[in-house]
Ligand code: PNS
């Protein structure tokens with residue numbers, strides 16, 4: 001059974017994340033949505049809230065495991081016997097930071113591959129940062 005990890009802060013999950021998770025699930029039997037426990041960014045939503053929102057947003061997708069993780073992603077993937085990390089990229093800024101993270105993970109665990117999926121055009125402008133702003137100012141999402 002091929003297992004992939006979709007890691008992130010998910011602070012909060014967006015429609016773009018859900019699209020990437022759905023597409024990852026089409027390619028892999030089992031997808032672990034790994035929610036970073038303590039992102040350096042000081043999350044607006046608690047781990048429980050982020051996991052709860054993810055569960056609601058992905059309730060129609062089967063074969064998912066939605067869990068918190070702490071420490072290095074490469075170590076976590078090894079523990080879970082997952083050899084693929086799946087991330088979405090919206091633009092060149094995402095690509096740049098994803099490349100950096102992929103290379104760090106390659107250095108830690110050479111067998112661990114990162115698969116970057118281009119975000120769909122309709123989700124290009126969605127971000128957790130924007131969602132937090134809208135929530136803060138009471139705008140409908
Ligand atoms: O939602 P994000 O900011 O794209 O998620 C980033 C995440 C969680 C994938 C990244 O910060 C991460 O893997 N953190 C765990 C620590 C780690 O493994 N660092 C080395 C790779 S950058």
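Every read-out reported here was derived from the displayed coordinates using simple, explicitly stated rules and does not represent laboratory data. Source: prediction; values computed, not measured. Every residue, glycine among them, receives a Cβ derived from its backbone with ideal geometry; neighbour counts consider all protein chains shown.
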Suppose the chain between residue 75 and residue 42 were pulled fully straight at 0.36 nm per residue; how much longer would it get relative to their current alpha carbon spacing? 9.7 nm
Given 133-140, 14-21, the highest-first ranking by average Cβ count within 10 Å works out to 14-21, 133-140
Shape verdict for the range 40-108, please, from the Cα gyration tensor: rounded (a/c under 1.5), prolate (a/b greater than b/c) or oblate. prolate
Percent relative contact order for the range 65-138, counting Cα pairs under 8 Å at least six residues apart, stands at 34 percent
Any idea how far apart residue 115 and residue 59 come out in nm if each label point goes 7 Å out from Cα toward Cβ? 2.8 nm
Log entry: pair-distance distribution for the chain, C-alpha pairs binned every 10 Å from zero, whole % per bin is 12, 43, 38, 7, 1
Cα Rg, Dmax, the range 66-141, angstrom units: 15.2, 45
Between residue 130 and residue 106, with labels modelled 7 Å along Cα→Cβ, what's the label distance in nm to one decimal, could you check? 3.0 nm
Dividing the helical contributions, -39500 (n - 2.57) per DSSP H run of n ≥ 4, by the residues of the chain yields a 222 nm value, nearest 500 deg cm²/dmol, of -12500 deg cm²/dmol
